[in-house]
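Engineer: Here it is, the structure, as structure tokens.
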Amino acid sequence: MKPAPQKLTAVHTATHLAIHRNSEASPILVQQADPNKRAYIHPILAPKGHGTLTENAPPHHPWQHGLYVGMNEVNGIGFWTEGLVPQAHQDGTFHPRPLLTPLVDGNQCTWSVISDWRAPDHHAVLTETQKWTLTDLGDRYELDLTWTLRADVDLVFGQYPYGGLFLRMPFAGVGSVLTSEGHQTHETAEGQRARWVAIAMPIPDRHGADPWAGMAMMDHPKNPQHPVPWRVDCQLGISPSRCIAGAWNLAAGATSTSRHRLFIHSGQTDASAVEASWSRFKK
């Protein structure tokens, strides 16, 4: 029998949001939004049997934080490596505003994160809004993002091998890749266009007989460059990366909005379940 959706509760401060299933003490998802730091989501727990599906600041990429957003070459400024690499003088900074009260309705929670992105000389570059909705479906979650960038100055987003929404899971050498176009390795999926990319792997702290769990990330049909090219790195980090296709511009005062979904599940990837979620999402 599949577990039924549960009523959600939210514990909220100006810098953190923890979402709980009503009967459980540990949060199933935590939004982090500390002042003057990149906002990110970590941890996300598997919907069945639990286990932490996101990894924060892994040794191989210490600027990566679970589920987060970053960009490269924004008017020549990097919003990716957080000043942790030699070209740190070229890195901009993130400034989340205080979190507002989330909206909880039964098995669904909606919240927003607004961040100001600034250049190394502290002038305003853009205002970013992430509007998230988590829906608990019992044996899976659907986590939807509406991502909006508003330019504070005329912007050129340069061509780059990666950038945008990024997911880092706790990869330890074993895992699977599957894309909507049939690619099944990170080498064949890297840089290729797809409607969705799914990854799964054994989770170190997962309970129960099956250590595997995973996520599929989706690119909405109305997004620019859909189906977008993807970053799929050798540790199975994934990102729908419009910037792979080429440079693009955003005039001062203009906005650009994209939508994404994460299908979060226990066990290995079930392509038919991902496709069913995709069909609902695209509508």
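Engineer: I'd like to check which strands (runs of 3 or more DSSP E) are fully inside segment 177-276 and have at least 1 residues that are touching a Cys at 6+ places or on another chain (Cβ under 9 Å) and either among the aliphatic types (A, V, I, L, M) or buried (at least 16 other Cβ atoms within 10 Å of the Cβ) (or both).
Structural biologist: Values: elements: 196-202, 212-219, 230-232, 238-240, 248-250, 255-266.
Where strands (runs of 3 or more DSSP E) fall fully within segment 177-276, none carries at least 1 residues being touching a Cys at 6+ places or on another chain (Cβ under 9 Å) and either among the aliphatic types (A, V, I, L, M) or buried (at least 16 other Cβ atoms within 10 Å of the Cβ) (or both).
Engineer: So, in segment 26-57, exactly how many residues are out of contact with any Leu (no Cβ under 9 Å at 6 or more places or on another chain), under 22 Å from Ser266 (Cβ atoms) and in a loop (DSSP other than H, G, I, E, B)?
Structural biologist: 4
Engineer: Answer yes or no: is there a residue in segment 72-80 that is part of a strand (DSSP E or B), out of contact with any helix residue (DSSP H, G or I) (no Cβ under 8 Å at 6 or more places or on another chain) and of a type in the set (S, T, N, Q). Let's see the steps before the verdict.
Structural biologist: Here is the first cut: in segment 72-80, the residues part of a strand (DSSP E or B) are 72-74, 77-79.
So of that shortlist, the ones also out of contact with any helix residue (DSSP H, G or I) (no Cβ under 8 Å at 6 or more places or on another chain) come out as 74, 79.
Filter again for of a type in the set (S, T, N, Q), leaving none.
No; the residues of segment 72-80 include none that is part of a strand (DSSP E or B), out of contact with any helix residue (DSSP H, G or I) (no Cβ under 8 Å at 6 or more places or on another chain) and of a type in the set (S, T, N, Q).
Engineer: Name the one entry in Val125, Val85, Val113, Val174 that is under 19 Å from Lys37 (Cα atoms), out of contact with any Leu (no Cβ under 9 Å at 6 or more places or on another chain) and of a type outside the set (Gly, Ala, Ser).
Structural biologist: Only one candidate qualifies: Val85.
Engineer: Also, quick follow-up: Go through (1) at pLDDT 95 or above; (2) out of contact with any strand residue (DSSP E or B) (no Cβ under 6 Å at 6 or more places or on another chain) one by one and return the number of the condition Val85 breaks.
Structural biologist: Every condition holds for Val85 apart from (1).
Engineer: Let me ask you something else. May I ask you to list pairs of residues, at least six apart or on different chains, whose Cβ atoms are under 9 Å apart, with the first in segment 220-242 being under 16 Å from Thr148 (Cβ atoms) and the second being aliphatic (A, V, I, L, M) and not in a helix (DSSP H, G or I)?
Structural biologist: Pro240/Leu165; Pro240/Ala194; Pro240/Val197; Pro240/Met217; Pro240/Met218; Pro240/Val228; Arg242/Val228
Engineer: Give me the pairs, please: first residue somewhere in segment 1-26 and within 16 Å of Ile44 (Cβ to Cβ), second residue anywhere and at pLDDT below 80 and in a loop (DSSP other than H, G, I, E, B), beta-carbon distance under 9 Å, and either six or more positions apart or on two chains.
Structural biologist: Gln6/Ser23
Engineer: Do we have Phe171 as assigned to a loop (DSSP other than H, G, I, E, B) and buried (at least 18 other Cβ atoms within 10 Å of the Cβ) here? Walk me through it before giving the result.
Structural biologist: Values: assigned to a loop (DSSP other than H, G, I, E, B): yes; buried (at least 18 other Cβ atoms within 10 Å of the Cβ): yes.
Yes.
Engineer: Please specify each residue of segment 178-222 satisfying the condition of being β-branched (Val, Ile, Thr) and more than 17 Å from Gly163 (Cα to Cα).
Structural biologist: In the first step, residues of segment 178-222 are kept if they are β-branched (Val, Ile, Thr); the result is 179, 185, 188, 197, 199, 203.
Result: Thr179, Thr185, Thr188, Ile199, Ile203.
Engineer: While we're on this one: Give all pairs with beta carbons closer than 7 Å in which a residue from segment 58-84 that is under 21 Å from Leu29 (Cα atoms) meets a residue that is hydroxyl-bearing (Ser, Thr, Tyr); count only pairs at least 6 apart in sequence or on separate chains.
Structural biologist: Short answer, once both residue conditions are applied: Trp63/Thr81; His65/Tyr40; Gly66/Tyr40; Gly66/Thr54; Leu67/Tyr40; Leu67/Thr54; Tyr68/Tyr40.
Engineer: Could you please let me know if Thr101 is closer than 30 Å to His20 by Cβ and either over 21 Å from the mean Cα position of the chain (by Cα) or in contact (Cβ under 8 Å) with a residue 60 or more places away in the chain (or both)? Reasoning before the result, please.
Structural biologist: Working: closer than 30 Å to His20 by Cβ: yes; either over 21 Å from the mean Cα position of the chain (by Cα) or in contact (Cβ under 8 Å) with a residue 60 or more places away in the chain (or both): yes.
For Thr101, the condition - closer than 30 Å to His20 by Cβ and either over 21 Å from the mean Cα position of the chain (by Cα) or in contact (Cβ under 8 Å) with a residue 60 or more places away in the chain (or both) - is met.
Engineer: Specify the residue that is farthest from Ala251 (Cα to Cα); the eligible residues are those in segment 120-150 that are of a type outside the set (Gly, Ala, Ser) and not in a strand (DSSP E or B). Don't jump to the end; show me each part of the working.
Structural biologist: Kept after step one, since they are of a type outside the set (Gly, Ala, Ser), are these residues of segment 120-150: 120-123, 125-137, 139-150.
After this cut, where a residue has to be not in a strand (DSSP E or B) as well, the list is 120-123, 137, 139.
Values: Pro120: 20, Asp121: 20, His122: 20, His123: 16, Leu137: 40, Asp139: 43 Å.
So, considering only residues that are of a type outside the set (Gly, Ala, Ser) and not in a strand (DSSP E or B), the one farthest from Ala251 (Cα to Cα) is Asp139.
Engineer: Could you run through segment 146-163 and say how many residues are under 18 Å from the mean Cα position of the chain (by Cα), under 25 Å from His60 (Cβ atoms) and surrounded by fewer than 22 Cβ atoms within 10 Å (Cβ to Cβ)? If you could, list the steps in order and put the result at the bottom.
Structural biologist: If we filter segment 146-163 for residues that are under 18 Å from the mean Cα position of the chain (by Cα), which is where we start, we get 146-149, 161-163.
This time we only want the ones that are under 25 Å from His60 (Cβ atoms), so: 161-163.
Going one step further and asking which of them are surrounded by fewer than 22 Cβ atoms within 10 Å (Cβ to Cβ), we end up with 161.
Here the count works out to 1.
The values are calculated or read from the model by the stated rules, or taken from the named source; none is laboratory data. Given the structure is predicted, the values throughout are model-derived calculations rather than measurements. Cβ atoms come from the backbone with ideal geometry, glycine included; neighbour counts cover every protein chain shown.
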